[in-house]
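One structure is given below, encoded as structure tokens.
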Amino acid sequence: MKKIILSFVLILIVAIAGGVYYVLSNLDNLIKEAIETYGSEATQTAVRVESVKLKLTEGSGGITGLTIDNPEGYALPLAFSLGTIRLGIDLQSLQQEPYIINEITVIAPEVFVAINKDNKTNLNELKNNLMASLPAATDDQAKKESTKKGDAEPRLIIRKVKFADGLIKAKVAALDNKEYKLKLPAIELNDLGGKNGLTPTELASEILSRLTDSASKAVKEKIIDAKLDELKAEA
């Protein structure tokens, strides 16, 4: 009987060790799949990632080739191409929530602004999709019930988010769909998530909202308003 129990325990230990090894050895792929799956659900368009590489022992990582498709009805296929994303992780915080990411740096992002013939903007539509994906109930009781069920998203704090060397590509149907290119203003966001943290969906909504507002403002001021001033001068 003792031998049977011992054998069962050994098998259990091997199985657990095998599961841990599988998770650790496939962590990059698991994160890649999670970004694509949950990102696509939140934006209601296709989200793709070329690769994810994490170095947990160093508290660093990187994501390359993250793209977000446009909703249907726009001249440009993509809304965002986020180039290279570098992560700095607070390893001490991984013991309990909220988990802390010290810094996210997005290098050479491209933002595609498309305004169709109905005067609708792709970025506004994506922003609305993200807002609609946020949970309706955010009170403490709802969070507790969600946590008990085990379906609550992890809560995160991001100390700093930076967008550097970015580019805006814009097409406006009212301006003959000519493609314009602008430099994306440098963006830096600090202390996202407050003290208690936010879910990844909430953080993504906040970050993309700020990125969207910055790009839309640049297109309005430097393309649309400039074109109107030019037409007034000609008139």
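Readers should treat all values here as calculations from the given coordinates under stated rules, not as data from a laboratory. Just so it is clear, the model here is predicted, and its values are computed rather than measured. Cβ atoms come from the backbone with ideal geometry, glycine included; neighbour counts cover every protein chain shown.
Quick one: if you stick a label point 7 Å off each Cα along the C-beta vector at Tyr38 and Arg86, how many nm between them?
2.5
Considering every Cα-Cα pair within the stretch 39-115, what fraction, in whole percent, is farther apart than 16 Å?
Values: 1727 of 2926 pairs.
Result: 59 percent of Cα pairs exceed 16 Å.
For the stretch 147-210, what's the radius of gyration and Dmax over Cα atoms, in angstrom?
17.2, 54
Fully extended, how many nm does the chain gain between Glu103 and Glu72 (0.36 nm per residue separation, minus their Cα-Cα distance)?
Working: separation 31, 0.36 × 31 = 11.16 nm, distance 3.32 nm.
My answer for the length gained is 7.8 nm.
Which order do the peptides 154-164, 187-197, 94-104 come out in when sorted by mean C-beta neighbours inside 10 angstrom, highest first? Write out the running numbers ahead of the final one.
Numbers: 154-164: 17.9, 187-197: 13.6, 94-104: 15.4.
So the peptides 154-164, 187-197, 94-104, ranked by packing, come out 154-164, 94-104, 187-197.
Where Lys and Arg each count +1 and Asp and Glu each count -1, what net charge lies around Ile223 among other residues with Cβ under 14 Å from its Cβ? Kindly include the intermediate steps, with their values, before the conclusion.
Working: positive: Lys169, Lys171, Lys178, Lys181, Lys183, Lys217, Lys220, Lys222, Lys227; negative: Asp176, Glu179, Glu221, Asp225, Asp229, Glu230.
Result for the local shell: +3.
Find the centroid of the Cα atoms in the stretch 172-235 and in the stretch 154-169, then give the distance between the two in whole Å.
14
Please give me the summed charge of the neighbours of Leu87: other residues whose Cβ is under 14 Å from its Cβ, Lys and Arg +1, Asp and Glu -1.
Values: positive: Lys32, Lys53, Lys55, Arg86, Arg159, Lys160, Lys162; negative: Asp28, Glu58, Asp90, Glu103.
Result for the neighbourhood of Leu87: +3.
In whole Å and largest first, what semi-axes does the C-alpha gyration tensor of the stretch 60-104 yield when each eigenvalue is scaled by 5 and square-rooted? Walk me through the intermediate numbers first.
Numbers: eigenvalues 202, 29, 7 Å².
Taking √(5λ) for each Cα gyration eigenvalue gives 32, 12, 6 Å.
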